[in-house]
Amino acid sequence: MNGSDHDDHQLIRRFLEGERWAFDALMTAHAPQAHRVALGMLGDPDQADDVVQEAFIRAHRALPRFEFRSRFRTWLHRIVVNLCLGRIRRARRVSLVSLGDLAQRLRARTGLPARELERRDLGERIEAAVITLPPKQRAVFVMRQQEGLGYAEIASILGRSEGGVRANYFQALQKLRRALAEHEEWDDE
Amino acid sequence: MSRSCREWRGPMLDLLEGELEHDAAAAARVRAHLDACPVCAAEYASLQRTLALLARRPLRDDAERDWDGLRRRVQAEIATDPPRRRFRPAPILAVTAAAAALALVLLWGAGRLTGRGEQRRVLSQIEASGREALADGRAASPQVMDAVLAEDYPVDADVDQLIDDMSADELAALAERLEMLKG
Ligand SMILES: [Zn+2]
């Protein structure tokens, strides 16, 4: 636990003692990173907004059961990532309702990522490539490469083993390498 | 990449990410393997370039997002929503969808199915031994199996998880396969 985690725990205690401002302070401290993670996973700022909003509403409900053994950030990210995975899953599940509709609906969802890779800006190209990763690999990639979280914390957020998370990250990097190789002249060394 | 090379992936990542700075012995072991193994050496060099490229990417600037607005919306919601536990039952549809999805993934992987009789036969086979088939790789496609094995799935890997972890390309291939089955 570092200083900011200690501060978070203090804020949670104040909130639980009935001081509403303390929850506001938690939001101020954590909304930007939660938003970046949601944006990395969903690729859409407004959807990321919705997820962060929903995550804090759920956090507010569940804080009375917060266990002070863990970091608030880990706990919040678990909510954010699960909300993102839920959104992605629901979007896909629609496609799985009937055999008859499936092919057509899946088709409507595909083809986009490859075209999006044509975008010229490096950041946008990488963002588009990240969106083609399988959702949980995407979560691992965003939290590790973009946010610099440790494997242990990511494993705790995702409920996976550290080894599994590391394998996910490795695979994500391999896929991104392939996705970006076609569009990048490796002339910058 | 051989099985033993696969085991070097984690240590290679650690070395690349500077996690072995305080573990000279571990770093030396990785370097020794890289010196001896051209496959891993190439992998390492290429991952190094990928990480360098990724590190250069500009992140979207969120400094100007309306955080006040977000906080106000949350505060408005929670003003009428005291802390409590809320129970939401999972929709029954999910079970059916999961079963269908498993069948679809396996059908897709089977690769040579045409007739409806064959389809039914495989479906009943899946019902009987879907998990075992998944676990030992008889039924699923090489791509899906590789993902299943490499990603450390628990043996009772959930179908939703499998679907979640399929990429857009894999979903597209699945869609195509289904169209062929229908036709
Ligand atoms: Zn090797």
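Taking the highest mean first, how do the peptides B:32-39, A:68-75, B:18-25 order by number of other beta carbon atoms within 10 angstrom per residue? Could you put the intermediate results ahead of the total?
Values: B:32-39: 13.1, A:68-75: 15.5, B:18-25: 11.6.
Taking the mean over residues of other Cβ atoms within 10 Å, the ranking is A:68-75, B:32-39, B:18-25.
Here the spin labels are modelled as points 7 Å beyond Cα on the Cα-Cβ line, and at B:Arg72 and B:Glu17 they lie 4.0 nm apart.
Between A:Arg14 and B:Ala25, the FRET efficiency estimated from the beta carbon spacing at R0 = 45 angstrom works out to 0.45. Take each residue of peptide B:44-54, count the partner chain Cβ atoms within 10 Å of its Cβ, and average: the result is 5. Potential lengthening of the chain between A:His6 and A:Ser70 amounts to 22.0 nm, from the contour at 0.36 nm per residue minus the alpha-carbon distance. The Rg/Rh ratio for the stretch B:35-80, using Cα coordinates for both the radius of gyration and the Kirkwood hydrodynamic radius, is 1.50.
May I ask you to derive the FRET efficiency for B:Leu59 and A:Arg90 from their Cβ-Cβ distance with R0 = 22 Å, giving the value to the nearest 0.05? Show your work: numbers first, answer last.
Details: r = 27 Å, r/R0 = 1.23.
The calculated FRET efficiency here is 0.25.
Placing pseudo-labels 7 Å out from each Cα toward the beta carbon at B:Arg49 and A:Ser161 gives an inter-label distance of 3.3 nm. At a Förster distance of 41 Å, what's the computed FRET efficiency of A:Asp50 paired with A:Ala181, Cβ-Cβ distance as r, to 0.05? With R0 = 41 Å, the Cβ-Cβ based efficiency is 0.75. Per residue of A:39-45, other chain Cβ atoms within 10 Å of the residue Cβ number 1 on average.
All of the numbers you see were taken from the coordinates with simple rules; none came from a lab. Note that the structure is predicted; figures quoted are calculated from it, not measured. When we count neighbours, we look across all protein chains shown, and the Cβ atoms used for this are built from the backbone with ideal geometry, even at glycine.
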